Structures are given as C-alpha cells and as structure tokens.
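The values are calculated or read from the model by the stated rules, or taken from the named source; none is laboratory data. A quick note: this is a predicted structure, and the numbers were derived from the prediction, not measured. Note: ideal-geometry Cβ built from the backbone for every residue, glycine included; neighbour counts use all protein chains shown. For the accessible areas, the whole protein counts, side chains as well, though only heavy atoms, and no ligand, DNA or RNA atoms are used. Shrake-Rupley method; radii C 1.70, N 1.55, O 1.52, S 1.80 Å.
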Amino acid sequence: MQPRFLPIGALAALFLSGTALAQQAPAQSPAQANAPAVACGGDLPAFLDGVRAEAAANQIPGDAIDTALAGAAIDPKVLSRDRAQGVFRQTFLEFSKRTVSQSRLDIGRRKLQELSNVFQRAEQEFGVPGAVIAAFWAMETDFGAVQGDFNTRNALVTLSHDCRRPELFRPQLIAAIQMVQHGDLDPATTTGAWAGEIGQVQMLPRDIIAFGVDGDGDGHVNVKSSAPDAILTAAKFIQHLGFTKGQPWIQEVSVPEVLPFERTGLQSGMTAGDWFALGVTPRDGNTEFSGLAASLVLPQGRKGPAFITYPNFNIYLEWNQSFIYTTSAAYFATRLAGAPPYQKGEPEAGLDDGGMKALQTRLAELGHDVGKIDGILGSGTRAAIQKEQLRLGLPADGWATPALLGAL
C-alpha cells in the first residue's frame, strides 16, 4: 500500500507555535517517480486552462469546473507557510502532555457518549474503535474547533501552480473540483489548513472523494460541519490504511534494566510474546496478543515511558510520519479507551538543538547515514545512535544524551 502522510493538524500546529511539525510528503512509488512532469508555474490564467482541460478529461461537467475556478488566486500566505515549515523539536513527554490534556480527555469522553450511535456504527461497519477516531479528531482540530482559515481552493491552486511539489497537489485540486460538482465544497467559502486539508479530521480532497461517508443522511459529505460525516469518513479511511478490528495498537509496558535494547525501535522482527519472555511487562497485565508482531518503542530512552506497538500502530504512521505525533495520538486513544496515564519514569536529559546537530555531524563522520543535519532525532539518527551505543558498550536505546555526545 502506498504510504500517505498528512501534515500535522491545525490545532497541533498551534500547540507547537513556531516549532511545528514539518509537512511530510508521501513516499513515491516507482510508477510515480517515472511519471511525466506535472505542468506548473507561468501565467496563472494559462495554468488554470490546463486544470480545466484535465478536469474535463476526468468527466467533470464544465459548469462545475467554471464554478470551482471562478476567482481562483495565488495565496502568498500559503507559499510562505510552505517555505517556512518548522521542525519538530519537542520530546514525547512535552508534546503528549500538551496534547493529551485532562480537559481534552474529558471532552473526548463526552463526545464518545453524545455520539455513541455514530461511533458504534463506525466500529460495526469499519472495525475502528471510537477511541481511535476521537483521538485523531482531538489531535487534528480539537473536535472541530480549529480547522484552519485558508481558502481551500486557493491553497490547492497555489501549491499546484508552485513548481516545488505540483505532482502532489494537482490531483488534490482536481478532487476539490469534484467536491464542488457534488455540492460538498464551496470554492469561495470553504476553508481549511494551508496544505489543502479540510474538516474536523483534516483530510485531503482525494481521500474525501474516495472514503467520504454521508453520516447524517443529508445526501452530502460535509466533513467540516457534520460530526457524523467526519467520524464515519475517518473510520473508513483508517480501515483503508489497514486497521484490524479487535486488535490493540499500543500498550504501555515496564522494561527491565537488562534487555537487548539494540532490538528496540520500529520493525523489530519480534512478537509481543518475545518481549514478554525477556521481562517486558504490560502495565495492564494483558498478554492476550502475545502472538502478534510487536516493537518496543522508547520515545525518551530506557528510563522514560515505554510502549509495545502492534500492527495497528502502522495506521498512525500512515496518517502522519512524525514518531512523536503518532505515539502521542496512539497513547491518547488508549486513554480514551480507559488506560491510565503513562509512567513518566526519569529519562536522561536529551540534547538541545545545537547538541543534536553536533551529534548528527559526528555520526555522519563515523560513516552513518543520518540524512540532513537538522537537529531532529529521526529514525536514521536513532538507528545510528543505537549502533554507536552498542559499539561503546552502552544500552542501545537510541536516546541522544550529552553523555553519548561526549563519548563520541
């Protein structure tokens, strides 16, 4: 399945206030990589003529195309936001504390009760628990309260016309025109995130077209104003991402002092039972899913919070590829499902931005592929850290510390 990563939601971006998570583009399949270049740039009216021709080739009626593109304009604020995307520098403890607050847990539990019939339908038809959907709903827009104020049509015109990533946004613009055809998007008034996401769970037009569900029975899919539409559309999309009904997604655990920490991290090749046999202990005592593939993740090293992730956790990575965001969203869902707060532990102090860049530079000098020297503790940097920790005889938990930098 082609990975699909969404930019962080409007609310979460506000939480980060200047250190926002950078939008991550979907990985390209070989077919996409070899596809013809998408037309972009140049005179805007000429560019829109090309969009009109493509929309007509997709069997969209001319009146819908004219309505959708009437008054279309480039939005400089969209380009500014695209160019100035921040990087995610908060730790799991910092980010999860801010996003999984008691007030939002209270609101989420109330929503699960108030819309219990909708959430029950979501689980019956698509196999996705209400807690999973409600956590995304909270993380993305604070249950619909903060959906973004960029004109969606203009945002997609801007990003399609811009030559940085037109192959990603031109199809979304065509899908938005289809939404106009269906009466589900008003080109003049519909607003959302700067990168074209719409509605209470911040979905892109192609996904709304493909997975939209009319949850309130009014004949339209309105993910902005209709909570039933947004909830059921999200459920169908999450099912498409591979969620398996009846299985967990993440489980908090305690870890022993001695463990093959070099095997921690995503895609460990182990089962939950393998980890339990090594002394990893579920806090809730549930070992029912011992036979499932499982990874042990330590967002802040072996002395901080610890979680077993199951195959259903992959849908979080499909939704957004930030490890801190996805782990927080998955943890949020467990809280809504009844789990207690995680044990914070006493993680070792991490590195500041300068220290992280110095560590990445040193790792690169030692021959490791850490990607861009950006101060972000991403998967490549974590893997390199584990290798060096193992070489130095240290617990290889992938956590970047001043002591490790000093040792290198």
Review point. What number of residues within the stretch 75-103 are surrounded by fewer than 16 Cβ atoms within 10 Å (Cβ to Cβ), part of a loop (DSSP other than H, G, I, E, B) and in contact with a helix residue (DSSP H, G or I) (Cβ under 6 Å, 6 or more places away or on another chain)?
Key: 0
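Can Phe126 be described as open to solvent by less than 30 Å² (accessible area, probe 1.4 Å), among the aromatic types (Phe, Trp, Tyr) and in contact with a Lys or Arg (Cβ under 7 Å, 6 or more places away or on another chain)? Working first, answer last.
Working: open to solvent by less than 30 Å² (accessible area, probe 1.4 Å): yes; among the aromatic types (Phe, Trp, Tyr): yes; in contact with a Lys or Arg (Cβ under 7 Å, 6 or more places away or on another chain): yes.
Yes.
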Revision key, fill the gap. Over the stretch 152-195, the set of residues in contact with a strand residue (DSSP E or B) (Cβ under 6 Å, 6 or more places away or on another chain) and not hydroxyl-bearing (Ser, Thr, Tyr) is Gly192, Trp194
Study note, to complete from the structure: Turns out the helices (runs of 4 or more DSSP H) fully within the stretch 323-402 with at least 1 residues that are more than 30 Å from Ile107 (Cα to Cα), open to solvent by less than 70 Å² (accessible area, probe 1.4 Å) and in contact (Cβ under 8 Å) with a residue 24 or more places away in the chain are 353-365, 379-391
Practice item. With the checklist (1) over 29 Å from Ala131 (Cβ atoms); (2) crowded, with 24+ Cβ neighbours inside 10 Å in hand, flag the one item Ala195 doesn't pass. Key: (1)
Practice item. Scan the stretch 246-262 and report the pairs whose first residue is among the hydroxyl-bearing types (Ser, Thr, Tyr) and whose second residue is open to solvent by less than 30 Å² (accessible area, probe 1.4 Å), with Cβ atoms within less than 7 Å and a gap of 6+ or a chain change. Key: Ser254/Ala306
Point to revise | the stretch 183-197 residues that are of a type in the set (Asp, Glu), paired with ones that are assigned to a loop (DSSP other than H, G, I, E, B) and open to solvent by less than 40 Å² (accessible area, probe 1.4 Å) (beta carbon under 7 Å, 6 or more apart) | key: Asp184/Val221; Glu197/Leu6; Glu197/Pro7; Glu197/Leu204
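In the stretch 214-251, what residues are in a helix (DSSP H, G or I) and in contact with a strand residue (DSSP E or B) (Cβ under 9 Å, 6 or more places away or on another chain)? Working first, answer last.
We begin by selecting, within the stretch 214-251, every residue in a helix (DSSP H, G or I); these are 227-241.
Across the stretch 214-251, the qualifying residues are Ala230, Thr233, Ala234, Phe237.
From the list Phe150, Phe136, which residue is buried (at least 20 other Cβ atoms within 10 Å of the Cβ) and under 19 Å from Leu44 (Cβ atoms)?
Numbers: Phe136 fails: under 19 Å from Leu44 (Cβ atoms).
Among Phe150, Phe136, only Phe150 is buried (at least 20 other Cβ atoms within 10 Å of the Cβ) and under 19 Å from Leu44 (Cβ atoms).
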Check your understanding: Hey, does the stretch 219-239 have a residue that's surrounded by fewer than 21 Cβ atoms within 10 Å (Cβ to Cβ), in contact with a Ser or Thr (Cβ under 6 Å, 6 or more places away or on another chain) and touching a residue at least 12 places away in the same chain (Cβ under 8 Å)?
Key -> no
Review point. Do we find that Gln172 is modelled with pLDDT of 95 or more and farther than 17 Å from Val78 by Cα in this structure?
Key: no
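When only residues in the stretch 293-325 that are hydroxyl-bearing (Ser, Thr, Tyr) and in contact with a strand residue (DSSP E or B) (Cβ under 9 Å, 6 or more places away or on another chain) count, which is nearest to Ser379 (Cα to Cα)? Step through it out loud before you land on a result.
First, the residues of the stretch 293-325 that are hydroxyl-bearing (Ser, Thr, Tyr): 295, 309-310, 316, 322, 325.
Going one step further and asking which of them are in contact with a strand residue (DSSP E or B) (Cβ under 9 Å, 6 or more places away or on another chain), we end up with 295, 309-310, 316.
On the way: Ser295: 14, Thr309: 16, Tyr310: 18, Tyr316: 15 Å.
Per the stated criteria, the residue is Ser295.
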